[in-house]
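FYI, it's all coordinate maths here, none of it is from the lab. Just so it is clear, the model here is predicted, and its values are computed rather than measured. Every residue, glycine as well, gets a Cβ built from its backbone with ideal geometry; the counts of neighbours run over all protein chains shown.
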Amino acid sequence: MPEIVLDKEQIIMLQKAFNMFDTSKKGSIEKEKVRMILNTLGHSFNDQELEALLENEDRQGSGVLNFDSFCRVASHFLESEDDEALQKELKEAFRLYDKEGNGYIPTSSLREILAALDDQLTGDQLNEMIAEIDADSSGTVDFDEFMAMMTGD
């Protein structure tokens, strides 16, 4: 397979997504979390293709990927034009929910946005994602946290 070169913004976006799911800060994430990250970032993928890429990166069968392996897998599903369109969509979505222009939205609104972006997410997955985004348990997510989580901006 040809090596896909990621631009700096894509690497930053992937690093933020990776760090969000590397809750134990071990420098690795469980393979099944890659699927959730790709869904969260709005990338479509073929399950068999993803599974083959994951197996290729995890030859020892450890069940985890380091950041480099994660980038190699994720790079197969990144399309820069889609990222820009998604980013614009997310800014508009945030503004819709931040009616007073406070610069933050309640986590209940974030749940609606995430559910709308990916109708495959279960309630437990949404709770897990929101708990990681709202690390201080404030019940709100500011624009920067929201964009960092969704696009790496």
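Points to keep in mind about this one:
- A simple charge model with +1 on the Cβ of Lys and Arg, -1 on the Cβ of Asp and Glu and nothing else charged puts the dipole of the chain at about 320 debye relative to its Cα centre.
- Counted by neighbouring Cβ atoms within 10 Å, the residues MET149, MET20 run from fewest to most as MET20, MET149.
- For the stretch 80-150: rounded, prolate or oblate by the Cα gyration tensor [a/c cutoff 1.5]: oblate
- Among ASP142, ASP119, ASP22: highest mean-square fluctuation, GNM of the chain, C-alpha pairs under 10 Å: ASP119
- When the chain is treated as a Gaussian network with alpha carbon springs shorter than 10 Å, the biggest mean-square fluctuation among ASN56, ASN127, ASN46 belongs to ASN46.
- Ascending count of other beta-carbon atoms within 10 Å, so fewest first, for SER69, SER108: SER108, SER69
- Within the listed set ALA17, ALA135, ALA74, the residue fluctuating most in the Gaussian network model of the chain (springs between alpha-carbon atoms under 10 angstrom) is ALA135.
- Using just its DSSP H runs of length 4 or more, each adding -39500 (n - 2.57), the chain gives a mean residue ellipticity at 222 nm of -18500 deg cm²/dmol after division by all residues.
- Modelled spin-label separation between LYS8 and ASP124, with each label point placed 7 Å from Cα along the Cα-to-Cβ direction: 4.1 nm.
- Unit Cα scatterers, Debye sum, the stretch 8-75: log10 I(q)/I(0) for q = 0.17, 0.18, 0.21, 0.28 Å⁻¹: -0.54, -0.60, -0.84, -1.46
- Length-normalised contact order for the stretch 80-150 - Cα pairs under 8 Å, 6+ apart - percent: 38 percent
- From the coordinates shown, Rg and Dmax of the Cα atoms in Å corresponds to which of [x] 15.5, 52; [y] 17.1, 55; [z] 17.1, 57: [x]
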